[in-house]
Every structure is written in C-alpha cells, then in structure tokens.
Amino acid sequence: MTLFFAPFRRDAELDEQRVLFSECFPENDGLPPETKAFYLRKFDAFPAEPKSFEYIARDENGMAGYYAAIPYSYRIDGEVLRCGMVCDVMTAPRMRGQGVFTKLGSYSLGELEKAGIDFVTGYPRRASVIPGHLKVGWKIAFQLPLYIMPLKTNAMLRSRKVGFLAPLANAALALMNAGRSLLEPRDKAIRSRVWNWRKFLSQGDYDGFLSRWREGRRYTLNKDRDYLQWRLSIQGADYHIVTATKGSELVGVSILRACDPEGVPSLGILDSMCIGDDPRILAAMALEWRKLAARTGGEALLMMMSELRAHERRLWRHGFLKSPIIFSLIIKCLSRRASELVLPDPACWDLMWIDSDDL
C-alpha cells in the first residue's frame, strides 16, 4: 500500500470528501452535516485567514483519509496563541486498521506546525480513536464528563417499553426538583432573559461583558461576536441566549440549543459564563433554562465541563448529575511558546462545548 499526503483541494475534491464523510458518519444520512452548505459554513466561513486547514491521504483507489483543523484563538496567560481545533478526522472504511489515521495525523500536524499553529486540541468521546492520537504525540489533558439535569422521563421510559410509569416518575422528579430549587442561592436584583442570538449580538453589551469575564482566567477561547456569529449559524440548529443582568450590568451569558441524544429531547448548554462565578447568577440563568425546556419540550438539560469546574460551581445544587458519558480534552503543543505555557491542568481552563465543534 502506497499512501500520498497533500493539502485538500476543495475545488477538485469536495465531492469525493462528501462521499467519504457519508461513509464515515452514516448517522448523518439525510441531515444538514452531510450537505456541501454545512461543510462550507464550517470550513470556509471562520473569521480568520486561512479559514481552515485540511489535508488528505490518497492511495491508488482514491481518498483514504481526511484531517481538518479550524484556527481558534486562545488567550493563554495574557498571550494570544493560535490553536488548531481538530475535527472531522476520517479514515475510509476500506482502509481501517492499516495505519492511515496515524500516518495522516503525523503529516497533518507537521503541516500545521509549519503554518504557525501553536497547539492543537481535540474532544474525542470514542475511546477507539485515542490510541491513534497518542501515537503521534497527543496527550490526554483531562476528562470532561457530561452532566445531566433530568426534568421529565417520558422519552427515556418509553424507549425502555415502560412508558406507563412516566406520570409517576415525573411527579417524583418534579417534587425532587422543587425541593432542590430551595437550595439555590437567589438575588432578586438579578434578572434573567431569553434572547434570539442574532438580536443579542446586534444590541447586547457583550464585548464589555466578555472582557470582564476574562479577568482572572488563565486560558480562554476568543469567543467574540465574530466567533459567535460563525459558531451559532449552523444549519438546522436553533440557538438561544440566556442572560442575567443586575441593574443595567450584564453579569451572565449562556448559550443553548435543542438536541435529542438517544431520542431524549433535551437542551444542550454550550456555554455558561458568570462574572465572578457568582452562584446567584448561575441560579438565575438555570431558572430560565428550565422554563425554556418546558416551553420547547425538553426533558433534560445537558452540560459538558471538567469535574473541577463542576465542583467549583456546585452543579449538584442546581440539579445536575454526573453521567457515565465522558469526553476528553486532548492536546499537542507544536510551538516552543505553547510548550512553555499550555498546561494539561483543568484549573487553567474554562472549557465547555463552545470550545469544540459539537452541538
């Protein structure tokens, strides 16, 4: 087997790449991620130059693999570093088990280093892909569990053929949530609100809020207006912004969208930022999250973050339970500057789904 590696040529190879995507991710059959429009928004619209980095492996039978990274920007201890957020890595089914993933990864990381990317990140959930990353120098930094706030049990019990138990289970869950809500700290001066995300970005005081939120935080993604405009414009997704204000000051911002993991209608919380990590701000937004779930038929709230951050924010107090679903942050430093600054320590990072390409 002879493999050839090269930058991806979108003008000549996009049709072939879309076929490979369908083969590798059959769960997206007929859904927006399978379309060219979805691909172009993701890899040809990011607010930076270049907008993405894409590489392929070929053999005599065609495209054998694909590897991509989007050039995110992080403020690391006061310095701005370029991060390649690696996503949509694919190996053709006919080539699996032949080392394509590792060889393409090694080539792609070398090209990213030449392009001036300081470090790369990934957020794998499937354990099967991690060994291939480790072989080319990636490190597992820490785990990112999925936390769940159950609100109803209809879909979950129906899928297990015991839907008739839902009314009783829902009543018990409502009683438990009502009792738990008494533990949430409250401040009547803090008001929460749901926004259309486009309207919020057009008139909200987001820039000043983001600057204040960054204070005292070591590693933060540059999630400015341009980034959110790109990140939240995914086809087929409807995003909501939930804010908290105290007087005229914006003190909390969170981002949510509907999802249905394993057939359970849910709201995924992509991001949650509170000035000073005040638990009263989180409580005010959590109240609005539950109301939004009730209006949209959501039966659970989902949030991904490190165990350290979950403990610091006392997610249990707000009704979130740690699930057995675990993501991982994996990192590889490509520049000397990143090797000196980027640490695999959850205390340094404020990571949620917004840092990945998920949801």
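FYI, it's all coordinate maths here, none of it is from the lab. Source: prediction; values computed, not measured. Don't worry about glycine lacking a Cβ; one is built from the backbone with ideal geometry, like all the others, and counts go over all protein chains shown.
In this structure, the pairs whose alpha-carbon distance is over 31 Å, taken from K51/K246; K36/K103; K246/K291, are K51/K246. Scanning the chain for long hydrophobic helices, with DSSP H runs required to stretch 15 angstrom or more by C-alpha along their axis and to average at least 0.0 on the Kyte-Doolittle scale, returns 166-181, 279-296.
Ordering L201, L301, T245 by the projection of their Cα atoms onto the charge dipole of the range 145-326, which places +1 on the Cβ of Lys and Arg and -1 on the Cβ of Asp and Glu, puts L301 at the extreme positive end. For a Förster distance of 56 Å, can you work out the FRET efficiency between the beta-carbons of A171 and E60, rounded to the nearest 0.05? Efficiency computed from Cβ-Cβ geometry: 0.30. A full extension of the chain between R10 and D226 corresponds to an added length of 75.4 nm, given 0.36 nm per residue minus the alpha carbon distance.
For the chain, a simple Cβ point-charge model (Lys and Arg +1, Asp and Glu -1, everything else neutral) yields a dipole of about 1120 debye relative to the Cα centre. With the cut-off at 1.5 for a/c, could you classify the range 121-246 from its C-alpha gyration tensor as rounded, prolate or oblate? Since a/c reaches 1.5 but b/c is at least a/b, the shape of the range 121-246 is classed as oblate. If the segment from K188 to D358 were pulled out straight at 0.36 nm per residue, it would be longer than the present Cα-Cα gap by 57.8 nm.
Ignoring aspartates and glutamates fewer than eight residues from K322 along the same chain, the ones with Cα atoms less than 16 angstrom from its Cα are E307, E312. Charge dipole of the range 145-326 (Cα centre as origin; +1 on each Lys and Arg Cβ, -1 on each Asp and Glu Cβ, all else neutral): 360 debye, rounded to the nearest 20. Loop-resident trypsin sites (Lys or Arg not before Pro) (DSSP state other than H, G, I, E or B) in the range 149-224 with no more than 15 further Cβ atoms inside 10 Å of their Cβ: R160, K161, R186, K188, R217. Taking Lys and Arg as +1 and Asp and Glu as -1, the other residues whose beta-carbon sits under 13 Å from that of A155 total +1. Using all pairs of distinct alpha-carbon atoms, the Kirkwood hydrodynamic radius of the chain works out to 21.8 angstrom. Net charge of the neighbourhood of G204, taken over other residues with C-beta under 11 Å away and scored Lys/Arg +1, Asp/Glu -1, is +2. Sparse packing (at most 16 other Cβ atoms within 10 Å of the Cβ) combined with a DSSP loop state is found for the following GluC sites (Glu not before Pro) in the range 48-102: E60. Taking each residue as 0.36 nm, the span from R18 to R41 lengthens on full extension beyond its C-alpha to C-alpha distance by 6.9 nm.
Here is how the number arises for the chain: DSSP H runs of 4 or more residues each give -39500 (n - 2.57), the sum is divided by the residue count, and the result at 222 nm is -9500 deg cm²/dmol.
In plain terms, if you count all Cα to Cα distances in the range 145-326 and split them into 10 Å steps from zero, the share in each step is 9, 36, 37, 15, 3, 0 percent.
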